[in-house]
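**Q** Dumping the structure here so I can ask a few things about it.
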Amino acid sequence: MSSEQDLGITASKEHETGEWYSQVVQKAGLADYAPMGGFIITRPRGYALWESIQDHLDGWFKQTGVKNAYFPVFIPESYLQQEKDIVEGFDPEVAWVTHGGYDELEERLAVRPTSESIITPYIAQWVRSHRDLPLRVNQWCSVVRWEATETKPFFRTKEFLWQEGHTAHHDREDAWDETILRLDQYERLYTDVLALPTLRGRKPAHDKFPGADTTTTLEALMPDGKSVQGCTSHHLGTSFAEAFDITYVDENEDEQTAHTTSWGLSWRALGATIMTHSDDQGLVLPPTIAPKQCVIVPIWQEETRQEVLGYAEELQAELEAAGIRVHLDDRDERNPGFKFNEWELKGVPVRFEIGPNEVENEEVTVVHRPDGETTVETLDNVAETAREHLDEVYAKLYATAEQHLEENVRAAESREEILGTIGQHGGYVTTGWCGDQACETEIKDQIAAKIVMVPMDEEPIHDTCGICGEDAETTAYFAKSY
Ligand SMILES: [Zn+2]
């Protein structure tokens, strides 16, 4: 890479979203494509973002009774088969290990596509009495699903990073409370950390996790008008507990079947964040997860170098002392313009510019990454001022995403209107739905949009099904999705 042109983003977000996204991820140093299709190399800058998501969620999980554990990456075929026998529709595309060294294995091992089939039998061993409940374990790991799709870092990869929580409870209600608690925590992550408003609901019955009573979800709208499933939290009822024999002895010495849940969030949350906020200059990050929240760029001539740099170092020390993640770019071999472009590309939320004027007036010039808004601030309470600017940047990102979401939920009353509206605008289309999968299929066959969610506990806003005209059972949100 030689020219500045090569260093920067050359594709447009609006017109070539796929190519643009790929360039942002690579040129901002987040990930590279692996030699095998479907896999990526997560570089330190990208992994730091995932660690930040982990830190937030893991803290909330632990505050609410979850303990981390780790299960093997391989699952014996018989275990997976057992799950398949009891749970209709469970048929992930699995990668198999058939040999160990030179010897063929007696039993094939699956690379885990998800871990219900190996975690649940152990929960069954650990639960004996009502005093063992609720029991909650979570693991941070990767899973592999051998789906043949075009690779999109943090969106579509055969191996992806996630967490999967698995819990067992006394009764239905306690398991339901758990399901909603985890959905609430995921929503908090999107709202307070990733600056992404989401829609909250459940999957239609035909699209739940196999074996689940209810699959709840958060859906996020991407700039290309497609929906991303941001997480899932499943109320599994007693189907897994019955199949894997999770029983306990209650207060009256009677044997009871437990109720279970599972819930997961993958690095798609990161992909959705990058795709939503970034622009034609490169990566845009919420300050909450940015590895460096502020960059200081000194602007000097030979004769002002010493005093400008000294002032910049003082500023850096003061911000660091206040716990702000700050970088001072004091490279001699690069000019300020080059540095501005580079930190814009890499998504540092706030830039401080220090030149001789700032030194003389005891000021700093503050520039917001998302929109270039520039203000001059005094040096008094500069750490507090920096925090205010970081909060403002966060608020701007959230407001823009929220406006995009609000403008892209449209109601439709008929099949033609549903098809026309999604075809023309993308986004979400709400309509009444009778609950019959056949009505979804009619739309899906024509425009590849499906019901991504139905709201929980809400009266339908339409009287009749937009497709067949029967009475509406609920409101359905149709969208194209990732
Ligand atoms: Zn219908």
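**Q** Can you confirm whether THR430 is within 30 Å of the chain's Cα centre (by Cα) and away from the ligand (no atom under 16 Å from the Cβ)?
**A** Values: within 30 Å of the chain's Cα centre (by Cα): yes; away from the ligand (no atom under 16 Å from the Cβ): no.
When the stated conditions are applied, THR430 does not pass them.
**Q** Could I ask something else about it? Inside region 209-225, can you point out the residues that are in a strand (DSSP E or B) and of a type outside the set (A, V, I, L, M)? It would help to see each step written out before you state the result.
**A** Our first condition is that a residue be in a strand (DSSP E or B); within region 209-225, this holds for 214-221.
Selection gives THR214, THR215, THR216, THR217, GLU219.
**Q** Give the number of residues within region 226-272 that are surrounded by 21 or more Cβ atoms within 10 Å (Cβ to Cβ), among the β-branched types (Val, Ile, Thr) and outside any strand (DSSP E or B).
**A** Residues in region 226-272 being surrounded by 21 or more Cβ atoms within 10 Å (Cβ to Cβ), among the β-branched types (Val, Ile, Thr) and outside any strand (DSSP E or B): 1 in total.
**Q** In this structure, does GLU344 turn out to be touching a residue at least 60 places away in the same chain (Cβ under 8 Å), of a type in the set (D, E, K, R) and either closer than 28 Å to MET275 by Cα or surrounded by fewer than 20 Cβ atoms within 10 Å (Cβ to Cβ) (or both)?
**A** Working: touching a residue at least 60 places away in the same chain (Cβ under 8 Å): yes; of a type in the set (D, E, K, R): yes; either closer than 28 Å to MET275 by Cα or surrounded by fewer than 20 Cβ atoms within 10 Å (Cβ to Cβ) (or both): yes.
Answer is yes for this residue.
**Q** Out of the residues in region 363-383 that are within 20 Å of PRO291 (Cβ to Cβ) and not aliphatic (A, V, I, L, M), which is surrounded by the most Cβ atoms within 10 Å (Cβ to Cβ)?
**A** It comes out as ARG369.
**Q** Another question, then. If you check ARG128 against the conditions, is it over 16 Å from the mean Cα position of the chain (by Cα) and surrounded by 17 or more Cβ atoms within 10 Å (Cβ to Cβ)? Break it down into steps so the answer makes sense when it comes.
**A** Working: over 16 Å from the mean Cα position of the chain (by Cα): yes; surrounded by 17 or more Cβ atoms within 10 Å (Cβ to Cβ): no.
No; evaluated as a whole, the condition is false for this residue.
**Q** Any idea how many residues of region 103-151 are among the hydroxyl-bearing types (Ser, Thr, Tyr), more than 15 Å from ALA69 (Cβ to Cβ) and at pLDDT 95 or above?
**A** 2
Matching residues to (1) modelled with pLDDT under 95; (2) part of a loop (DSSP other than H, G, I, E, B); (3) in contact with a His (Cβ under 9 Å, 6 or more places away or on another chain):
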| residue | (1), (2), (3) |
| --- | --- |
| ILE9 | no, yes, no |
| GLU19 | no, no, no |
| ASP32 | no, no, no |
| MET36 | yes, yes, no |
| TYR47 | no, no, no |
| GLU51 | no, no, no |
| GLN54 | no, no, no |
| LYS62 | no, no, no |
| TYR79 | yes, no, no |
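**Q** Between a residue in region 41-68 that is farther than 17 Å from GLY264 by Cα and any residue that is loosely packed, with under 15 Cβ neighbours inside 10 Å, which pairs come within a Cβ distance under 7 Å, given they are 6 or more apart or on different chains?
**A** Short answer, once both residue conditions are applied: ILE41/ASP32; ARG43/ASP32.
**Q** Quick check on my filter: what residues within region 437-461 are within 26 Å of ILE180 (Cα to Cα), at pLDDT below 95 and either in a strand (DSSP E or B) or within 16 Å of the ligand (Cβ to nearest atom) (or both)?
**A** Once the filter is applied, which keeps residues that are within 26 Å of ILE180 (Cα to Cα), at pLDDT below 95 and either in a strand (DSSP E or B) or within 16 Å of the ligand (Cβ to nearest atom) (or both), region 437-461 yields PRO460, ILE461.
**Q** I need the full set of residues from region 470-480 which are in a loop (DSSP other than H, G, I, E, B) and either within 7 Å of the ligand (Cβ to nearest atom) or touching a Pro at 6+ places or on another chain (Cβ under 8 Å) (or both), in order please.
**A** Kept after step one, since they are in a loop (DSSP other than H, G, I, E, B), are these residues of region 470-480: 470, 472-473, 480.
GLU470, ALA472, GLU473 - these are the residues of region 470-480 that are in a loop (DSSP other than H, G, I, E, B) and either within 7 Å of the ligand (Cβ to nearest atom) or touching a Pro at 6+ places or on another chain (Cβ under 8 Å) (or both).
**Q** Can you tell me which residue among ALA412, ALA386 is away from the ligand (no atom under 16 Å from the Cβ) and buried (at least 19 other Cβ atoms within 10 Å of the Cβ)? Before the answer, list the steps.
**A** Numbers: ALA412 fails: away from the ligand (no atom under 16 Å from the Cβ).
Answer to the selection: ALA386.
**Q** Over 30 Å from TYR33 (Cα atoms), in a strand (DSSP E or B), small (Gly, Ala, Ser) and touching a Pro at 6+ places or on another chain (Cβ under 9 Å): which single residue out of ALA168, ALA175 fits that description?
**A** None of the others qualify; the one that does is ALA168.
Listed here are the residues, each with its yes/no results for (1) closer than 28 Å to LYS84 by Cα; (2) in contact (Cβ under 8 Å) with a residue 60 or more places away in the chain.
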{"position": "LEU194", "(1), (2)": "no, yes"}
{"position": "ARG202", "(1), (2)": "yes, yes"}
{"position": "ASP207", "(1), (2)": "yes, yes"}
{"position": "PRO223", "(1), (2)": "no, yes"}
{"position": "THR232", "(1), (2)": "yes, no"}
{"position": "LEU236", "(1), (2)": "yes, yes"}
{"position": "ALA258", "(1), (2)": "yes, yes"}
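The values are calculated or read from the model by the stated rules, or taken from the named source; none is laboratory data. Everything quoted here is computed from the prediction, not taken from an experiment. For neighbour counting, all protein chains shown are included, and Cβ atoms are generated from backbone atoms with ideal geometry for every residue, glycine included.
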